[in-house]
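The values are calculated or read from the model by the stated rules, or taken from the named source; none is laboratory data. These figures come from a predicted structure and were not determined experimentally. Cβ placement follows ideal geometry from the backbone for every residue including glycine, while neighbour counts extend to all protein chains displayed.
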Amino acid sequence: MKSQYVNELKPGQTVKEKFVLSKKIIKDKRDGGFYAILEFSDRTGNIDGISWESAYLNNISVGDFVFITGSVAEYSGRPQVVVNSVNRVTDEEIDARDFLPQYPGDMDEIINAIKGFKARVKNVALCRLLDSFFNDGDFIESFRLAPAAKKVHHAYLGGLAVHTLSVLKLLDSFRSVYDFLNFDLLITAGILHDIGKIHEYAYKKTIDLSDRGRLLGHIVIGSEMTAERISRIPEFPDDLKSKLLHMIVSHHGEVEWGSPKLPLFPEALVLHFADNIDSKIEMMKQTFEQHRGKNRQWSDYHPYLEREIFLDNES
């Protein structure tokens, strides 16, 4: 992790840290030569920069990760980095958590709460399946880091785990109303329904679809991941495999929303509605946050919710 973030930089400080180069404008000096107006970014914001020598910037482009040295001054009432050197760093040297929005709370609490739901599953085959994922350190690291979307809902690092936990809580709330449901199956599907998102998105500089995500999407990727793990478990019941995979491929609920199949039994339908309500409530929550302090009663038209949102500033 970085030791210096944009929002912590104050005039008088020395800077030696990694940032994203978010602006580069080369200008003529009055007495000959060139200087550069720059901007550096991380997950906490942006800061202006200036370099009185620009030759070393010829092979560095906007969007590159860079390591800069310099000092913070004040210019026009704002902090500005007076740059001594800028060197490109590779993506492999970068921790995405330094540069992208992330869940502000304790991710260990989220993961442990999901593990608590996992521990309630009694079916031996489903337990072994879940263990195969949760005993895999690489999977857990990817699962706790992945976003749930590019921009629609939970579009931040850790968003997938946060969304998964919300879905599990919603599924659990059905227990007192529909006690005939197979909750071992529901909880397992709730945990696994979006796991394909750990490969659907690339998230270093920005959250975007990976090549695999563009070609297949998380529903196909997640069903493939689950089927592959099931194939390692001897005597995993075929009917249980079919039901679980159906719940993964049908959880968007409608063909036009990306589901290859409509939900065809109660547990699949319940999973779809839990997933759907959490994503839509999160979209509305984000809309309220975006309009906070703007003294508006209605939002702009929301393209995903297909409506304007009543902001109700009185509540």
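Structure summary
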| quantity | calculated |
| --- | --- |
| Single residue of the stretch 169-179 satisfying the filter (in contact (Cβ under 8 Å) with a residue 40 or more places away in the chain and surrounded by fewer than 23 Cβ atoms within 10 Å (Cβ to Cβ)) that is farthest from residue 142 (Cα to Cα) | 178 |
| Residue list for the stretch 56-86, filter: closer than 30 Å to residue 158 by Cβ and polar (S, T, N, Q) | 61 |
| Candidate set: the stretch 150-188, residues that are modelled with pLDDT of 95 or more and acidic (Asp, Glu); chosen: the one farthest from residue 100 (Cα to Cα) | 184 |
| Test: residue in the stretch 126-148 that is modelled with pLDDT under 90, assigned to a helix (DSSP H, G or I) and within 19 Å of the chain's Cα centre (by Cα) | no |
| Residue ID - surrounded by the most Cβ atoms within 10 Å (Cβ to Cβ), chosen from residues in the stretch 95-151 that are within 14 Å of residue 166 (Cα to Cα) and free of Cβ contacts under 8 Å to residues at least 24 places away in the same chain | 115 |
| The listed residue being in contact with a Leu (Cβ under 7 Å, 6 or more places away or on another chain), polar (S, T, N, Q) and either more than 21 Å from residue 124 (Cβ to Cβ) or not assigned by TED's automatic domain parsing to the domain that holds residue 161 (or both), out of 223, 259, 279 | 223 |
| Qualifying residues in the stretch 197-251 (those that are exposed (fewer than 15 other Cβ atoms within 10 Å of the Cβ) and within 22 Å of residue 171 (Cα to Cα)) - the one farthest from the chain's Cα centre (by Cα) | 239 |
| Options 274, 202, 268; residue that is touching an Asp or Glu at 6+ places or on another chain (Cβ under 6 Å) and either closer than 17 Å to residue 142 by Cβ or assigned by TED's automatic domain parsing to the domain that holds residue 130 (or both) | 202 |
| Residue 79 being surrounded by 15 or more Cβ atoms within 10 Å (Cβ to Cβ) and either in the same structural domain as residue 227 (by TED's automatic domain parsing) or under 25 Å from the mean Cα position of the chain (by Cα) (or both) | no |
